[in-house]
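Student: What follows is a structure written as structure tokens; I'll ask about it next.
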Amino acid sequence: MFEYVRYFILRALRNMRQWPVLCSAAILTMAVALTTVATFFLVVINIQSLARTWSEEVQVVAYFQTPPAPTELAALVTQIEDLPEVKQALFVSKTEAFQRFAARLGDDAGLLEGVSHDLLPASLEIALQKTARNREGVARVVAALKKDRRFDELRFGQEWLERFEKFIELLKFVGLVLGSFFLFAALFIVSNTIKLTLYARRDELEIMALVGATKNFIQVPFLLEGALQGLFSGILALGFLSLSFQLLVKKSLQSFWLTPVDFNAVFLAGSQQLVLVLSGVLLGLLGSLFSLRKFVRL
Amino acid sequence: MIQLFNVTKSYGRDSVALREMSVQIEKGEFVYVTGPSGAGKSTFLSMLYAALKPTRGQILINGANITRMRSRQIPFLRRKIGVVFQDFKLLNSRSVYENVAFALEAQGKKRYEVSKKVYQALKEVGLEHRLQRRPLELSGGEQQRIAIARALVVDPLILLADEPSGNLDQEVTLEIMELFKRAHARGTTVLLATHDHSLYQRFPKRVLGLEGGRLVMDHVP
């Protein structure tokens, strides 16, 4: 058994050394395909995490026609906070609203000179429970608030969140389609590259069969070679991906105007990196298997 | 050892390579298979190591019907048969040692066993001093001796040689014949396909004569 394993490994390595150009072509092709798919995956997980950051800020703002009296307000706040979707309801008085606006204007706050402090309406800022920060949750809170005539207008960042969710879905779909396409292309190229090496070694295969080598004995070194090439391509892809993450994904996400300052783009987790490398191994194995099935016949 | 019963091999309707051939070869025999080009000599030998299947008829080797053999059993049949070709069929990118070792490695033999047997086999054919050379650095006769060493290193029950001296001059042919005779003396059944009359005149043994795919002569001296 040990003799077989040793022989298979030595042969696989020897084959790779014997055909360096074909071997490098196979490794590079697989690495590029894996990097493309993984980059898409990385973009999707980062945009999803960005979306999560944004969704934490999803709240409903209810503007009053006229601000209620303090006792009435306390009852209203309790009533709203009793809704299961609501985490907290915070009253913002006209003056507070004006101050916030002035603060937001910063150096241009001078523009507000002579403007009445009760220009802006008082409001209730309703923060939602984590589980309710979605379309349904917002819709239920809005429906409850709409019944109350004291509110003049309701604002909620629902529409853009939905659009954004759709955008992520689209991105996932494009990633899946492009990824499958690239993986398929890689599989095709890998299997053809291996077919070329098999063709170059057809004498060897013929003689092996002649001296009584079993089908497995002939095939295993080639499968091992495919798997090894896949392993190298997986590791190479990880390198490429980390480069594209530093130079492309991270920078473009940070330069996006809606990205919060403290947002940290994430790289693949350890287990995901392992999956990437193992995908390379699988790709190499399948590529070899497809070509061997057509080539090695006893 | 080898039994053929009404064996026919055809490649399509109009091309029949072997017709209704029946023959029996005993263990330890030395048999020449002769005939002009296209007589069916190579087809006959190819069927014995299961590279070709007969269209009709049965072939028994050592009691086993190889026409009914599953493809996964064929390698085990071939381990009992050494084959030598006119064009040597050596791996030119490998050394003499590796070419011979190949046959044992394919059978999963242990490393020390491989090196011991390869050295013995190469010594037997007089090439033990050329272990690390590549086949193309050697003469045609030496290349054929590597091929014979590869065939004999596995201690085969049967040695098949398809025109082994076809590319060699008379002197080298005699050297090669000497190796076949030695293998025969050790008990190996030898089948040697040739159209060289001088060979079986010089070393008279049983001759099977083929012509147009038919067995037309079975002569025992």
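Nothing in this text is a laboratory measurement; each read-out follows from the coordinates by a stated rule. Computed from a prediction, not measured in an experiment: that's the story for all the values here. Using ideal geometry, Cβ is built from the backbone for each residue, glycine included, and neighbour counts are taken over all protein chains shown.
Student: In whole Hz and in residue order, list the ³J(HN,Hα) couplings for the stretch B:57-69 that follow from phi through the Karplus curve 6.51 cos²θ - 1.76 cosθ + 1.60, θ = phi - 60°; x for Gly and Pro.
Tutor: Values per residue, Gly and Pro as x: x, 10, 10, 10, 10, 6, x, 9, 7, 7, 6, 9, 6 Hz.
Student: What does the C-alpha gyration tensor say about the overall shape of the stretch B:62-208? Classify as rounded when a/c is under 1.5, otherwise prolate if a/b is larger than b/c, or oblate. Can you show the working numbers first?
Tutor: Values: a/c = 1.72, a/b = 1.04, b/c = 1.66.
Because a/c hits 1.5 or more and a/b fails to exceed b/c, the stretch B:62-208 counts as oblate.
Student: What GluC sites (Glu not before Pro) in the stretch A:75-176 are in a loop by DSSP, with at most 10 other Cβ atoms within 10 Å of the Cβ?
Tutor: A:E113
Student: While we're looking at this one, here's another question. If you take the beta carbon distance between A:F263 and A:T78 as r and set R0 to 41 Å, what does 1/(1 + (r/R0)^6) give as a FRET efficiency, to the nearest 0.05?
Tutor: Using R0 = 41 Å, I get an efficiency of 0.70.
Student: Each residue of the stretch A:230-240 in turn: what ³J(HN,Hα) in whole Hz from Karplus with 6.51, -1.76, 1.60 and θ = phi - 60°, glycine and Pro shown as x?
Tutor: Taking θ as phi minus 60°, the curve returns x, 4, 4, 5, x, 5, 5, 4, 4, x, 4 Hz for the stretch A:230-240.
Student: Once both labels are modelled 7 Å past Cα along the beta-carbon direction, what's the B:D87-A:K251 spacing in nm?
Tutor: 5.7 nm
Student: With the Cα gyration tensor of the stretch B:114-188 giving a ≥ b ≥ c as the square roots of its eigenvalues, does the rule (a/c under 1.5 for rounded; else a/b larger than b/c for prolate; else oblate) give rounded, prolate or oblate?
Tutor: Verdict is oblate for the stretch B:114-188.
Student: Another question, then. Okay, helix-only estimate at 222 nm for chain B: each DSSP H run of n ≥ 4 adds -39500 (n - 2.57), divide by all residues, round to 500 deg cm²/dmol; what do you get? Working shown, then result.
Tutor: Values: 7 runs with 72 residues, N = 221.
Taken over chain B, the calculation gives -9500 deg cm²/dmol.
Student: Using amide H atoms built 1.01 Å from N in the peptide plane, name the residues 5+ places from B:R214, or on other chains, whose amide H lies under 5 Å from its own.
Tutor: Answer set, sorted by chain and number: B:R19.
Student: While we're on this one: For chain A, take the longest principal axis of its alpha carbons; what is the angle in degrees between that and the long axis of helix A:158-200, to the nearest 10 within 0 to 90?
Tutor: Taking Cα atoms only, the helix is inclined about 10 degrees.
Student: Quick one: which residues, 5 or more positions from B:G57 or on another chain, have an amide H under 5 Å from its amide H? H modelled 1.01 Å from N in the peptide plane, none for Pro or chain starts.
Tutor: Amide H neighbours of B:G57: B:T8.
Student: Relative to a virtual label point 7 Å from the Cα of A:S24 in the Cα→beta-carbon direction, which members of the stretch A:209-249 show backbone nitrogen distances below 20 Å?
Tutor: Those under the cut-off are A:225-241.
Student: Fewest Cβ neighbours within 10 Å first, please rank A:T39, A:T66 accordingly.
Tutor: Starting with the residue having the fewest Cβ neighbours, the order is A:T66, A:T39.
Student: Please list, by residue number, every one of the trypsin sites (Lys or Arg not before Pro) in the stretch B:2-97 that is coil in DSSP and has at most 11 other beta-carbon atoms within 10 Å.
Tutor: Values: sites: B:K9, B:R13, B:R19, B:K27, B:K41, B:R56, B:R68, B:R70, B:R72, B:R78, B:R79, B:K80, B:K89, B:R94; in loops: B:R13, B:K27, B:R70, B:R72, B:R79, B:K80, B:K89, B:R94.
Qualifying residues, ordered by number: B:R13, B:R70, B:R72.
Student: Across the residues of A:212-221, average count of Cβ atoms on other protein chains within 10 Å? Spell out each step's value before the answer.
Tutor: Numbers: counts 15, 9, 9, 4, 2, 5, 2, 0, 0, 0.
Across A:212-221, the average partner-chain Cβ count within 10 Å equals 5.
Student: Could you list, in their original order, any pairs among B:K53/B:K89; A:K195/B:K9; A:K94/A:K147 whose Cα atoms are separated by more than 26 Å?
Tutor: The pairs that break the limit, which is 26 Å between Cα atoms, are A:K195/B:K9.
Student: Can you sort B:S15, A:S123 from fewest to most other Cβ atoms within 10 Å of each residue's own Cβ?
Tutor: Ascending Cβ contact count within 10 Å gives the list B:S15, A:S123.
Student: Now for a different question. I'd like the trypsin sites (Lys or Arg not before Pro) in the stretch B:161-211 restricted to DSSP loop residues with at most 16 other Cβ atoms within 10 Å, sorted by number.
Tutor: Those that pass, being in a loop and sparsely packed, are B:R186.
Student: Then there is this: Could you give the nm distance between label points at A:H117 and A:R293, where each point is 7 Å from its Cα heading toward the beta carbon?
Tutor: It works out to 8.0 nm between the two label points.
Student: Per DSSP H run of n ≥ 4, the term is -39500 (n - 2.57); total these for chain A, divide by its residue number, and report the mean residue ellipticity at 222 nm rounded to 500 deg cm²/dmol. Write out the running numbers ahead of the final one.
Tutor: Numbers: 10 runs with 202 residues, N = 298.
Only helices count here, giving -23500 deg cm²/dmol.
Student: Follow-up question, since we're still on this one. Which of the three applies to the stretch A:12-134, rounded, prolate or oblate, going by the alpha-carbon gyration tensor with a ≥ b ≥ c and a/c under 1.5 meaning rounded?
Tutor: Verdict is oblate for the stretch A:12-134.
Student: Could you list B:T67, B:T34 so that the one with the fewest beta carbons within 10 Å of its beta carbon is first and the one with the most is last?
Tutor: B:T67, B:T34
Student: Calculate how steeply helix A:2-18 sits against the longest principal axis of the alpha-carbon atoms of chain A, using the helix alpha-carbon long axis, and give the answer as 0 to 90 degrees to the nearest 10.
Tutor: The helix A:2-18 is inclined about 80 degrees to chain A.
Student: Separate question: Mind telling me which of A:L205, A:L282, A:L28 comes out most flexible in a GNM of chain A, alpha-carbon contacts under 10 Å?
Tutor: Result for chain A, Cα springs under 10 Å: A:L205 fluctuates most.
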